[in-house]
Structures are given as structure tokens and as C-alpha cells.
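Asker: To start, I am sharing the structure in question, which I have written as C-alpha cells.
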Amino acid sequence: MDIILNQYYLQIVIFVLVNAILGVSIYMTLSTGQLSLGNAGFMSIGAYTCAILTVKAGFPVYLAVPIGGAAASFISLIIGYPALRLTGIYLAIATLGFGEVVRVIILNLKITNGALGISGIPTLGTKISKMLSSFGLSRFGGLTAQQTSNLLVLVVLIFILAFLVFFCTRLNRSRVGRAFASIKADESAAEAMGINTTYYKLLAFALGAFIAGMAGGLSAHLTFFIGPKDFAYHRTVEILSFAVLGGSDLIIGPIVGALLLTMLPELLRSASEYRLMIYGALMVIMMAFRPQGLISEETVRFWKRKLGRRIKQ
Amino acid sequence: MKKGLTKWFTGMMIGTLLLTTAGCGGGSAPAANSESEGAGAAKIGVVAYLSGGGAAYGQSQKEGLDLAKDEINALGKVKIELVYEDSRGNNTEAINAVNKLINKDNVVALIGPTLSGEMFASGPIANQSGVPIMGTSTTAEGITDIGEFVFRNALPESSAVPQAVKMAVEKYNLKKVAIMYSSNNDWAVSGYKTMEQALKDNGVEVLATETFADKDTDFSAQLTKISSLKPDAVMVSSLYQEAALVLKKAREIGITVPFVGTNGFNSPELIKIAGKAADGAIVASPWYPGKENEKITKFVTDYKAKYNKVPDQFAAQSYDALYIYASALEKAGSSTDRAKLRDSLATIKDFQGVTGKFAFDEKRNPLMDATVLIVKDGQFTELK
């Protein structure tokens, strides 16, 4: 039990969950076959909106996080309308440029405190435990205050992620989800069938931005400090690699990708200076043998068949 | 079906094997990083920028710490064991590293991280856990406001820069100056703000404020404008890479006035890159290897013998930091009690280190004097 409740492991799991949420955000846009690299930009919009609201305006976190998501989503509509006329590599470049523009704007605004960033952001854990203690639930037998707050954050994040997964699986079976899939399969054919492709692409883009913005808001309240450097293009690449490694066919793909890519650097800590070399080598090997990502629809079918056979026996 | 089961089994075995090797590695890593000092050694965790763009800073810190550790252990009053973790200059990595050191390695205290931003992210965790953490290079404003357990022996810019500005104003009778700073570097912006305040306090007029960005290489537009205003001096807040290029370009277009810099000027690299153009660069530094002092000479010789180079400020401040911890540990009389260590750390005063006489003020910032240096004929010399 001590091992499970170790602060270090709890913290890693928390980062895994936040990254998994980011993975869902890129899955959202990828589900219409659009490669958008603006997620770090949307994440930073969410993070800054949320941090400014809680630090400077005294908003409660549970309101600020969705507002951060909504702000990111709103900006994505403005950007998306012209940008989504582009496809493939052109859209990727345009959204990548958007991310950099956001970063430079943040760097030069007064309210975001420029390059100095915003520090002293209240943590999600203390906020939640404060809320609970006002209901008379302050301590759970034998846990330190820190463990309690981390566990609470964990529960909240698991809840959010579970909801997102639920939402996406339901979405896939709905009219909207079918439209997404048809656009991904063949955009012109989908258009010929009477699907308003611009509308659905924009919808996926805005949903992805909303989730990324929320993840940004959550992460701002987990790292105490945000600066423009945290949302540079390397973050976009990181988010994209969740989907590339895990596979982008199914929602579980980016989540598994986020899990592996967040845990690996920590597991490899013992290798000290060779850490990043091993990490890089693993990525290359993975791509060489599973270019479609770890989990594809085929994988699921394969295991279902296998397990099904075993049950029958 | 049998075959399927075997496949499953092999997969599981490989998985377990991988996990256990990773786990074992984690357990034995500290021993590999630093030779075991035996029972009773105080474990101190170090979070440093050891890989990536700023790895040179982290490397210097590591070298300074290793040297201090060997000396302290040879003296034998307290035994210290160091556990290093890399933060890659990344906030979440720094948080993970601090968490690991506190909860997995059970360190009694922490040194680092290298960057101020990393400290803002990971300092609160150490503070909540009740583990003393000391920054050796975190000069930004507000670091020690994080909490009771956060210390630093890095001289904040707010203390070093005014000393340099004041000295330069008196020495060169400055009336009007121009300022340049790197606007996308948190630390440089913070330095610029102190600079502006110091100039105001000394009644100096600011003719122009020009900005650039880290990794810029062309400064002709800004410098041509400054040149036309004919200032008595130029103030620069940036890291040494840009500072050196600014100096080079400025001398090229005929600006001969002195340049006053923030801590970024304080590196031998500045002179290496700018060459003759570096002459007339002024900076206040707690660290000056050429000072006539037995302790400093010994440190410089030992460091040179071990690493074959002159220690920079990062090495010197880390070296001092470990000695400060050593004397606090000695006073606390325990190598595991974190709270006791914090209390004895807070009372440190009249400590003699290679960066001069040292004490913590009530906000756990260092009280120390800086030496104002000027580059003359390619050498840092004291400005008197």
C-alpha cells in the first residue's frame, strides 16, 4: 500500500492522466483525418485563461477549467474556419504556425507576465481538499494531507478521462461519428454523399481544442507554474507522438501512447545519461515494427478472436 | 490453443523481466552515481539540467558538487552522499525528479534545480513535503516566497545588478544610457526590471529600450538606433551567447562606451566569443576566481587539477552550497531529520565560502557582497 501511495508514483500517474487527456484531444481531430499541430497552442490558451482566472480573478477551479477549454474552443473556431480549407501537410504547417503565434503573443502580453510566466498557481489538490473539508470530510484514515490531495486529484482526473472515453465511444456510434469516419476515409466521397464536411471538420477541431484547453488548465494547476516555454512546438510533437505510438484508429491508442511515453522516461531514470538514447531507440524500433501504432482496429479484432476462442473452449 | 497459451506466457515473462530489471536499476542507481559512503551518510538529492540546451550549466554544478563532496567526506565531520537526477530544463521533469528524490530515495535535503522556472514548479513540492531545497543558480524574483523550506545561495539579480549599476554610474559619471534585453527569457526580463529600477534610483535617464530574443544573431537594427542616440553606456540583460554578439556588433559600428550587464555577462565564454570587443563589459558577480584569497586559490587549483578548466560561477556556487549544507548538518547533529536541518540551515551566518562571506537573511535569501568586475585586455579584473 505504501508503494501505491508513494507521492512519486502518484505524481507520475497524474501526469499520465493529463497526457492521456491531451492524447484524446489529438485523437478528436485525427478522427476526421485532419492532422492539426495546434494542440500545444490550444493547451496554452486553456492554461493561461484558467491560471489568470484563478490567480487574478479568484475564480474557483471547477469553473475556470471549462472556461479555459471554452476559450481555446472559441479561438479554434476562428482559426479553423479558414485553416480547415487546407488539407494534409498544409493544414499541419498552418496549425503549427498558429501554435507559435500564440506562444509569441503570450510572450509579449502584460497579463500573461511575458517570459516570466505565472507562478504561485494554487494546486488542484489543495483546492479540492479545501472544498471537501468544508463538507466535513478532511482526512481519510492514516493518509497524509499530501497523499489525500493527490489521491483526490487522481480520482477527478480518472473521472474526466473516463467521461471523455465514454463520450468518444458514444460519439463514434452517432450520426456525427459516422460523418467523421466517412470524412477520414474519403473526403470527396463524403461530400458527394451530402455530408457538410466543413461543418464536421470544424466540429472535430473545436472539440479537440476544448479538450486540449481543459488539459492545459488542469496541468497549470498541477505544475504551479506556467511559462511560454512550456508550450513550444516540442509539446505539440510530444502530443502527436502519443497518437503515433499508440495508434490513432481507436481512442484507446493515444491513451496507451500517453501512458507509455510518460512512464518510460521515469522507468529509465536508472539509466541516467543513456535515458534519452534508450527512449529514442525504443521509439525508432516501435515505428519500424508497428508503423500503424501499437493498437489498431486489427489488433482489437485479433485479440477478440483469440479470447473468444478461449472462452468457447 | 496450447500454442496461444505459450505465447501469452512468453509475453508475460518478457514483460515481468523488463519491469523487474527497470525496478532493480532504480534501486541500484544511487550507488552507481556516487560511491556508497557507508551508514550515517546524509543523502542529498541534486536536480540539475544535465542534458539538453543548458547542460553546460548543470555539468558545472555537478563538478562543483562532486569536488565539495569529496573534500567534505575526506574531512570526516559529516558524510554526504549525492544522488543526481536530470531535469532536462523541463518543469514536469523537475517535478518528477524532486518527487522521486524525496519519496523514493528519501533524501534529507535537495540542491537545485538549475532554472528559476523549474524551481517555481518543483519548489512547492519540496516545501509541502518538508524537505529543505536550495537553489544555487535560481536568481529570479520571488523564489524564496514559495515557502519556509526554500533557500538559495544564488545572489538574486535584485542585489547584484544595482551594485554593478551604482559602481558604473559613479565610475563613469553616467547621465543617459540605453537598455537592451532578451524579451523571451524569463530570467533576462527579470534582470531588465531590476536594471531599470536601479537606473531610476541613481537618477540616470534611459534614452531607449530595445529588445531582442534568445538565439538572435543580428542586432544591427537595435544597435544602430542606440548608436545615433549617443548614450554614456549601454545596459544589457541577456545570456552570454547573445551578450557576446551584441558586444561584437556594437564595437563594429563604433559604440565604444562601457556595457553593463546582468549575470549573463559573468562567464569566461563571453570573452571567448566576443574577443577584444568584450573590453569594457561590466558585471557584478559574487564569484571572481582571480581574487587574492587562500580559499579561492585552493578551490581553483583543485578544480583545475580535477577537470582541467577554471571553475565558473555555477561550479563555485554549488561548491559553496554543499559546504553550507555540511555545516548545517553538523549543527543539526542528524543526517535524516529534515525539519532540524531546515532550522539549522536558517541560522547559518558568517560562513566563509569561495564566493565570499555568507549568511541567510530572514527570507532565506543570501546576504553577500558582489565584486564588480570589468573586462580589460580579455580578462575579468576588479573595477576599483
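Asker: Name the single residue that is surrounded by the most Cβ atoms within 10 Å (Cβ to Cβ) among those in the stretch B:52-89 being within 14 Å of another protein chain (Cβ to nearest Cβ), at positive phi and without any contact (Cβ under 8 Å) to a residue 40 or more places away in the chain.
Answerer: B:R88
Asker: Looking only at the stretch A:282-310, filter to residues that are within 14 Å of chain B (Cβ to nearest Cβ) and open to solvent by less than 50 Å² (accessible area, probe 1.4 Å); which one of those is farthest from B:Y49 (Cα to Cα)?
Answerer: A:G308
Asker: OK, next. Give the residue that is nearest to the other protein chains (Cβ to nearest Cβ), with candidates limited to residues of the stretch A:143-166 that are more than 16 Å from A:F15 (Cβ to Cβ) and either under 15 Å from the mean Cα position of the chain (by Cα) or outside any helix (DSSP H, G or I) (or both).
Answerer: Here the answer is A:T144.
Asker: Condition test on B:L174, is it open to solvent by 30 Å² or more (accessible area, probe 1.4 Å), away from every other protein chain (no Cβ under 14 Å) and either part of a strand (DSSP E or B) or more than 28 Å from B:T138 (Cβ to Cβ) (or both)?
Answerer: no
Asker: So is A:D230 surrounded by 24 or more Cβ atoms within 10 Å (Cβ to Cβ) and at pLDDT below 90 or not?
Answerer: yes
Asker: Tally up the residues in the stretch A:3-32 that are among the polar types (S, T, N, Q) and within 12 Å of another protein chain (Cβ to nearest Cβ), please.
Answerer: Within the stretch A:3-32, residues that are among the polar types (S, T, N, Q) and within 12 Å of another protein chain (Cβ to nearest Cβ) number 4.
Asker: Name the single residue, out of those in the stretch B:104-117 being over 12 Å from the mean Cα position of the chain (by Cα) and within 16 Å of B:R364 (Cβ to Cβ), that is nearest to the other protein chains (Cβ to nearest Cβ).
Answerer: B:L110
Asker: Sticking with this structure for a sec: Of the residues in the stretch B:38-51, how many are within 14 Å of chain A (Cβ to nearest Cβ) and open to solvent by 40 Å² or more (accessible area, probe 1.4 Å)?
Answerer: Of the residues in the stretch B:38-51, 1 are within 14 Å of chain A (Cβ to nearest Cβ) and open to solvent by 40 Å² or more (accessible area, probe 1.4 Å).
Asker: Taking A:Y279 as the residue in question, decide whether it is of a type in the set (F, W, Y), touching a residue at least 12 places away in the same chain (Cβ under 8 Å), open to solvent by 40 Å² or more (accessible area, probe 1.4 Å) and within 13 Å of chain B (Cβ to nearest Cβ).
Answerer: So A:Y279 fits the description; yes.
Asker: When you scan the stretch B:293-302, do you find a residue that is modelled with pLDDT of 90 or more and basic (K, R), even just one?
Answerer: Looking through the stretch B:293-302, at least one residue is modelled with pLDDT of 90 or more and basic (K, R).
Asker: If the requirement is being within 14 Å of chain B (Cβ to nearest Cβ), closer than 18 Å to A:V153 by Cα and not small (G, A, S), which of these qualifies: A:T112, A:T54, A:T123?
Answerer: Going through A:T112, A:T54, A:T123 in turn, the sole match is A:T123.
Asker: Can you list the strands (runs of 3 or more DSSP E) found entirely within the stretch B:178-269 that contain at least 1 residues being open to solvent by 10 Å² or more (accessible area, probe 1.4 Å)?
Answerer: B:205-212
Asker: Next question. Checking the conditions here, which among B:F149, B:F120 is open to solvent by 20 Å² or more (accessible area, probe 1.4 Å) and within 9 Å of chain A (Cβ to nearest Cβ)?
Answerer: B:F120
So that you can scan it fast, the table gives a plain yes or no per residue for (1) free of Cβ contacts under 8 Å to residues at least 40 places away in the same chain; (2) within 14 Å of chain A (Cβ to nearest Cβ); (3) among the aromatic types (F, W, Y):
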site: B:N184; (1), (2), (3): yes, yes, no
site: B:A198; (1), (2), (3): yes, no, no
site: B:D218; (1), (2), (3): yes, no, no
site: B:L239; (1), (2), (3): no, yes, no
site: B:R251; (1), (2), (3): yes, no, no
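Asker: For the stretch B:323-355, give me the residue count where each residue is open to solvent by 40 Å² or more (accessible area, probe 1.4 Å), within 29 Å of B:P289 (Cα to Cα) and outside any helix (DSSP H, G or I).
Answerer: Of the residues in that region, 4 qualify.
Asker: Scan (1) within 9 Å of chain A (Cβ to nearest Cβ); (2) touching a Gly at 6+ places or on another chain (Cβ under 9 Å) for the single condition B:T92 breaks and write down its number.
Answerer: Condition (2) is where B:T92 drops out.
Asker: A further question follows. Mind listing whichever residues of the stretch B:356-377 are modelled with pLDDT under 85 and in a loop (DSSP other than H, G, I, E, B)?
Answerer: B:M368, B:D369, B:A370
Asker: Kindly indicate which of A:T169, A:T144, A:T198 is farther than 26 Å from A:L35 by Cβ, of a type in the set (V, I, T) and open to solvent by 30 Å² or more (accessible area, probe 1.4 Å).
Answerer: A:T144
Asker: Continuing with the same structure: Assess whether A:A162 counts as being open to solvent by 50 Å² or more (accessible area, probe 1.4 Å) and at pLDDT 95 or above.
Answerer: When the stated conditions are applied, A:A162 passes them.
Asker: Can B:G11 be described as part of a loop (DSSP other than H, G, I, E, B), more than 9 Å from chain A (Cβ to nearest Cβ) and modelled with pLDDT under 85?
Answerer: no
Asker: Considering only the stretch B:113-154, how many residues are in a loop (DSSP other than H, G, I, E, B), in contact (Cβ under 8 Å) with a residue 40 or more places away in the chain and not β-branched (V, I, T)?
Answerer: 11
The values are calculated or read from the model by the stated rules, or taken from the named source; none is laboratory data. In this text, all values refer to a predicted model and were calculated from it rather than measured experimentally. Don't worry about glycine lacking a Cβ; one is built from the backbone with ideal geometry, like all the others, and counts go over all protein chains shown. Accessible surface is based on the protein model in full, side chains and every heavy atom, while ligands, DNA and RNA are left aside. Shrake-Rupley method; radii C 1.70, N 1.55, O 1.52, S 1.80 Å.
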